[in-house]
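This report refers to the structure that appears directly beneath it.
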Amino acid sequence: MARVLVADDAAIVRLVTGQMLEAAGHELAGDACTGTEAIRLYDRLRPDVAVLDLNMPEVDGLSAAGAIRQLDPNAKLVLMSVLLTSSRRKRAEALGARVLEKPFGADELLRAIA
């Protein structure tokens, strides 16, 4: 199973996402509430997958994904947002990330990290 980093500025989203992952046998490697913290934790923990919200303080999810991609060109990235425009989706996909629209269920999350 995968070790997953979850980054979202909403504590409830981090909690529920972590619970969905753990219920399916994955490990929550860490969680972050800002893009800056997500980049730092990714570099330190080197999880199998990073799940990042697009709207976070300090550094947004797209910028954090780009920074993570520079640290690890093979990083598996999932970007999630409640405000998912076609432009943001295209930018996320250009980074090689999968995209999840909030709210999402466990099945959608698990397909995205697979």
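Since every read-out is calculated from the coordinates, none of them should be taken as a lab result. Owing to the predicted nature of the structure, the values given are computational and were not obtained by experimental measurement. Ideal geometry is used to build each Cβ from the backbone, glycine not excepted, and the neighbour counts take in all protein chains shown.
Label separation (residue 2 vs residue 74): 1.5 nm, computed from points 7 Å beyond Cα along the C-beta direction.
Rg/Rh for the chain stands at 0.91; both radii use Cα atoms, and Rh follows the Kirkwood definition. Our estimate of slack between residue 27 and residue 111, defined as 0.36 nm per intervening residue step minus the Cα-Cα distance, is 28.7 nm. Look at the alpha carbon pairs under 8 Å that are at least 6 residues apart: their mean separation over the length of the stretch 3-113 gives a relative contact order of 23 percent. With both labels modelled 7 Å from their Cα along Cα-to-Cβ, the residue 12 to residue 85 distance reads 2.6 nm. Working from label points 7 Å from Cα in the Cα-to-Cβ sense, the residue 93 to residue 58 distance is 3.1 nm.
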